[in-house]
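Written below as structure tokens is the structure these notes are about.
The values are calculated or read from the model by the stated rules, or taken from the named source; none is laboratory data. None of the values given here were measured: they were computed from a predicted structure. For neighbour counting, all protein chains shown are included, and Cβ atoms are generated from backbone atoms with ideal geometry for every residue, glycine included. Just so you know, the surface numbers come from the protein's heavy atoms only, side chains and all, with ligands and any DNA or RNA stripped out. Shrake-Rupley method; radii C 1.70, N 1.55, O 1.52, S 1.80 Å.
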Amino acid sequence: MRELWFSTDSCFIGGFWTQPASREFLPVENPSTGAPIGSIARGKVADIDDAVAAAGDALKGPWGRMAAAERGRLLTRIGHFVRAKTETLARIEATDVGKPLTQARADAAALARYLEFYGGAADKIMGETIPYQEGYTVYTLREPHGVTGHIIPWNYPMQIIGRSVGAALAMGNACVLKPAEDACLSALAFAKLAEEAGLPAGALNVVPGLGEEAGAALAAHPDVAHISFTGSLTVGRLVQQAAARHVAPVTLELGGKSPQIVFADADLDAALPFLVNAGIQNAGQTCSASSRILVQRTIYEEVLRRMSYRYRALQVGPALDDMDVGPLISKAQKEIVEGYLARGADLEIAAEGRIIGNAPAGGHYVAPRLLANVAPNHVLAQEEIFGPVQTLIPFEDEEEAIAIANGTGYGLVASVWSRDGARQMRMAKALRSGQVFINNYGAGGGVELPFGGVGKSGHGREKGFEALYGFSTLKTVAARHG
Ligand code: NAD
């Protein structure tokens, strides 16, 4: 890939681009073609140990002493470096992850925006003074945890680095980032830009590698004071268990089965683009993908018909061709999605998108599929598929809509489409979900909007100012002076 200006097969530890201690490497594949495009380091326990030590050293050095305003200025500067490289980063991500270019550009822009947001916020998190007994002065200090671990998935590497590492650095933590083995290149590119922008050595360390090796070592490391994990429910549980051994707090950003609920009084012209896009964006490999569309029965046929038109126009092809939908990340992910489609063979296929005729045979393409009249307890309406598959579920009234929407155990994002203001408020309260959107979905990424789940979708919040509280700890100082 001619865009690369950094060492792809290294770890970035203590300001050095180092070979992994094992001298072992993992292949990198282009999911649009299935062809190998390079290799990354296979970091293991020894590399994680080095990275955690380097992060600890950074906290004792210039990074640990840096004033909040200066940290903020530096983050903003890294954001500007990212912005200047948007096109390069987008092409790297499209090639490595299979994201259509438009979307990869949006991810790079979001990364820059997170850095600008958290750069501006770094010196605006303050403690409080607390009225207490006579003769006391009491105040609180917001302090960094120390070394923070960041284990991230492959679906939105740049956005998740921005919201997680960006917020952690803003609060003065030193970070060890373990990107997903299928999507390390943009994380390494980000580290290179941070280095070029002048981030002190050790403030950010990146160790690529397998989850069960580098990831597990990071989650279990006794000197890691906080773990931010974004990924699957299964691995989230393992990470929380590993962190529990040294009582480290954990933020878990897990999966979802997010509903959009369309009432008969909704503005359908406004709703329709969101209904489909929220399901097929990033080929459905989105934690907040709207995989369930709940439609009031009186308008069910109309919504079905109009969504079907859109589906039949969807084109699937290589990421650099920038079609509606790109490939899935890997053969393994394609097999998972096809497995779900096989389990839904009993369901009515309302419409499908089309894989373009000259799509490379080795690419991991799946045609988007809209399934009609799905029972709320069907496995395809209950489990996260992580592919371009949406289920249409009819409902009678508000009460039934709430029961279905809250009926999966997940609770990440939900939306309500209705013109009735009182219903909007009732639904927003009744939905068990970390975010509720009214007459929209996703609100354009929402750098400023606290984000996270309830139930099987996880706990803790990222994005917005809320993340800064999560990436810091509160100390209460009570002085008795008489
Ligand atoms: P995954 O859980 O398989 O992997 C996530 C990360 O964990 C990777 O870096 C992986 O290497 C690492 N890992 C794997 N095994 C590990 C172990 N034993 N110990 C420590 N780390 C380990 O998830 P994925 O397939 O990469 O991503 C898809 C999942 O992520 C979906 O469930 C999706 O909903 C979720 N996700 C959630 C959010 C959110 O913000 N809520 C955002 C994006 C993705």
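Cβ-Cβ distances below 6 Å connect no pair with a first residue in region 200-220 that is over 15 Å from C11 (Cα atoms) and near the ligand (Cβ under 10 Å from one of its atoms), a second residue that is hydroxyl-bearing (S, T, Y) and outside any strand (DSSP E or B), and a separation of six or more residues or different chains. Candidates F437, F386: the one that is within 12 Å of the ligand (Cβ to nearest atom), within 30 Å of V316 (Cα to Cα), not in a helix (DSSP H, G or I) and not aliphatic (A, V, I, L, M) is F386. Of all residues assigned to region 45-65, at least one qualifies as being open to solvent by less than 40 Å² (accessible area, probe 1.4 Å) and in contact with a Leu (Cβ under 7 Å, 6 or more places away or on another chain).
Being within 16 Å of the ligand (Cβ to nearest atom), without any contact (Cβ under 8 Å) to a residue 24 or more places away in the chain, among the polar types (S, T, N, Q) and closer than 24 Å to A167 by Cβ is true for just one of Q285, Q240, Q281. Which residue is that? If you could, list the steps in order and put the result at the bottom.
On the way: Q285 fails: without any contact (Cβ under 8 Å) to a residue 24 or more places away in the chain; Q281 fails: without any contact (Cβ under 8 Å) to a residue 24 or more places away in the chain.
Exactly one of Q285, Q240, Q281 is within 16 Å of the ligand (Cβ to nearest atom), without any contact (Cβ under 8 Å) to a residue 24 or more places away in the chain, among the polar types (S, T, N, Q) and closer than 24 Å to A167 by Cβ, namely Q240.
From A90, A170, grab the single residue that is without any contact (Cβ under 8 Å) to a residue 24 or more places away in the chain and surrounded by 24 or more Cβ atoms within 10 Å (Cβ to Cβ). Spell out how you get there, then give the answer.
Working: A170 fails: without any contact (Cβ under 8 Å) to a residue 24 or more places away in the chain.
One residue alone meets the criteria, A90.
With respect to the conditions (1) away from the ligand (no atom under 16 Å from the Cβ); (2) touching a residue at least 24 places away in the same chain (Cβ under 8 Å); (3) open to solvent by 10 Å² or more (accessible area, probe 1.4 Å); (4) under 24 Å from A106 (Cβ atoms), L314 falls short on a single one, namely (3). Across region 451-482, the qualifying residues are those that are away from the ligand (no atom under 12 Å from the Cβ) and assigned to a loop (DSSP other than H, G, I, E, B), and the one among them that is farthest from the chain's Cα centre (by Cα) is G482. Within region 360-372, identify whether any single residue is basic (K, R), open to solvent by 10 Å² or more (accessible area, probe 1.4 Å) and either within 16 Å of the ligand (Cβ to nearest atom) or without any contact (Cβ under 8 Å) to a residue 60 or more places away in the chain (or both), and answer yes or no. Yes, some residue in region 360-372 is basic (K, R), open to solvent by 10 Å² or more (accessible area, probe 1.4 Å) and either within 16 Å of the ligand (Cβ to nearest atom) or without any contact (Cβ under 8 Å) to a residue 60 or more places away in the chain (or both).
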